[in-house]
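Notes to accompany the following structure.
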Amino acid sequence: MTANTAQGKPTVEVRGLTKIYGDPVTGHIGLKDVSLEVGAGEFVVLLGPSGCGKTTLLRCIAGLERPQAGQVAVGGRTVFCGDTGTWLPPEKRNLSMVFQSYALWPHLNVEENIAFPLKCAGVAKAEIAERVAEVLETVGLADFRRSYVGQLSGGQQQRVALARAIVGRADVVLFDEPLSNLDAKVRETLRHELVRLQREIGFAAVFVTHDQDEAMVLGDRIVVMNKGCVAQQGSGRGIFQDSQSRYVADFVGRTNEVAGTVVAVEGNMARIMTGLGEILGRCAEPLSPGQPATVMFRPHVCAPGADTANRIEGSVERSIFLGTSVDVILRVGDQDLTLSLPDDANYQAGDRISFGVDPERVRVFAANRAAA
């Protein structure tokens with residue numbers, strides 16, 4: 001089963017989208033001049049905390065929210081334009097949506113739930129039966145076609161919701177945190193299964209989540225949002241290793257954060273005087289001597305005994321065994337730092353540790369624009 005995508009062309013195009021709730025002047029800004037493209041067959045994840053605008057953007061693409069300005073196109077067709085007043089309702093946008101609650105009919109069995117949108121669209125009975133049978137095989141629910149929603153596990157219900165979304169063969173499927181209500185093991189399994197199905201079927205996906213691990217597993221591209229704007233977008237590796245703002249660095253993965261003052265700038269490297277001593281790191285933005293700055297480095301880049309330019313020593317406050325790794329909480333002066341070490345690390349409270357951090361793995365941000 002393949003989606004009707006035109007390879008090489010954006011399946012979703014968003015241009016200058018603005019959404020304001022309430023008064024146009026004093027109301028809450030849901031989106032502010034947001035632009036985004038989703039390619040055919042691409043899996044894009046909208047990532048951010050509650051209130052950042054990710055769900056608002058998804059709902060604007062779906063047609064469940066009406067923006068004040070901008071443009072949305074799906075499959076090359078304009079479905080919203082603030083300048084011309086163009087507005088197509090959700091059912092005419094050639095997309096499907098999987099909701100957080102799944103929104104399944106409890107009085108219908110699995111087969112009937114999946115067939116429902118096709119019946120509403122007036123598809124012939126014979127074709128409905130063929131397409132439902134096909135999609136049931138795709139999501140692995142052929143043996144549950146006569147079961148009712150209340151008889152299914154959470155993971156099975158999620159698959160029914162996905163099957164209903166893809167049975168219409170839409171170019172685009174939108175996901176509004178559909179895995180958030182599942183337990184950890186089921187959620188992890190379904191993440192990989194969802195990627196497999198998306199690759200197999202070929203639809204473009206836009207997926208909303210606040211879970212960084214989920215975003216890394218699912219996304220060909222991750223779009224980090226903040227206060228109704230796109231803070232940064234790119235591959236999971238690129239965003240994690242080269243965060244362009246303190247906000248992104250802090251939200252995408254864990255990080256140690258140290259305040260200081262710029263002592264010197266040498267090319268793209270800066271020397272920062274902190275309460276931990278002088279730290280050398282890569283500038284994430286333009287910096288000047290004397291400027292307040294924030295130094296950030298990930299717990300996993302801290303290497304005990306490593307011979308690097310950045311040497312830090314402290315006392316172990318706590319050692320936490322996590323199965324595949326050990327988190328060591330280290331007290332350095334009046335600050336706690338977290339080190340993520342191999343699972344065989346065995347430190348006790350009060351032990352002294354000296355560790356190094358490669359300057360290339362340290363990012364330095366201007367303190368006055370840190371939260372941007």
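Readers should treat all values here as calculations from the given coordinates under stated rules, not as data from a laboratory. In this text the structure is predicted, and so the values were computed from the model without any measurement. Methodologically, a virtual Cβ is constructed for each residue, glycine included, from the backbone with ideal geometry; neighbour enumeration extends over all protein chains shown.
Of the peptides 95-102, 329-336, 200-207, the order by per-residue mean of other Cβ atoms within 10 Å, starting with the highest, comes out as 200-207, 95-102, 329-336. With N counted as the residues of segment 255-294, its alpha-carbon radius of gyration over 2.2 N^0.38 Å works out to 1.01. Once Rg and the Kirkwood radius are both taken over the C-alpha atoms of segment 1-125, their ratio Rg/Rh works out to 1.00. If both residues of a DSSP beta bridge must be in the chain, then about 80% of such bridges are antiparallel. Compactness of segment 289-372 is given as radius of gyration and Dmax, 13.9, 43 Å, from Cα positions. With neighbours defined as other Cβ atoms within 10 Å of a residue's Cβ, the residues Thr86, Thr294 order from fewest to most as Thr86, Thr294.
Among Phe321, Phe240, rank each residue by its count of other Cβ atoms within 10 Å, from fewest to most, as a rough exposure measure.
Details: Phe321 11, Phe240 17.
The most exposed by this proxy come first: Phe321, Phe240.
So I have (i) 45, 26, 16; (ii) 46, 22, 18; (iii) 36, 22, 17, and one of them is semi-axes √(5λ) of the Cα gyration tensor in Å calculated from this model. Which one is it? Only one listed value fits the structure, namely (i).
Long hydrophobic helices in the chain: the complete DSSP H runs spanning 15 Å or more by Cα along their own axis with mean Kyte-Doolittle hydropathy of at least -1.0 are 110-120, 125-138, 154-166, 184-201. What fraction of the Cα pairs in segment 104-257, stated in percent, has a spacing above 20 angstrom? Within segment 104-257, distances greater than 20 Å cover 55 percent of Cα pairs. Can you check what the net charge comes to around Val301, using other residues whose Cβ is under 10 Å from the Cβ of Val301 (Lys, Arg +1; Asp, Glu -1)? That works out to 0.
Taking the helices alone, the chain has a mean residue ellipticity at 222 nm of -6500 deg cm²/dmol, built from -39,500 (n - 2.57) per DSSP H run of at least 4 residues and averaged over all its residues.
Could you tally the net charge around Gly140, taking each other residue with its Cβ under 14 Å from the Cβ of Gly140, Lys/Arg +1 and Asp/Glu -1? Please list the in-between numbers first.
On the way: positive: Arg145, Arg159, Arg196; negative: Glu134, Glu137, Asp143, Glu193, Glu200.
Local net charge: -2.
Amide H contacts under 5 Å for Phe43: Ala205, Asp220, Arg221, restricted to partners 5 or more places along the chain or on a different chain, H placed in the peptide plane at 1.01 Å from N. Antiparallel beta bridges, as assigned by DSSP with both residues in segment 256-369, represent about 95 percent of the total such bridges.
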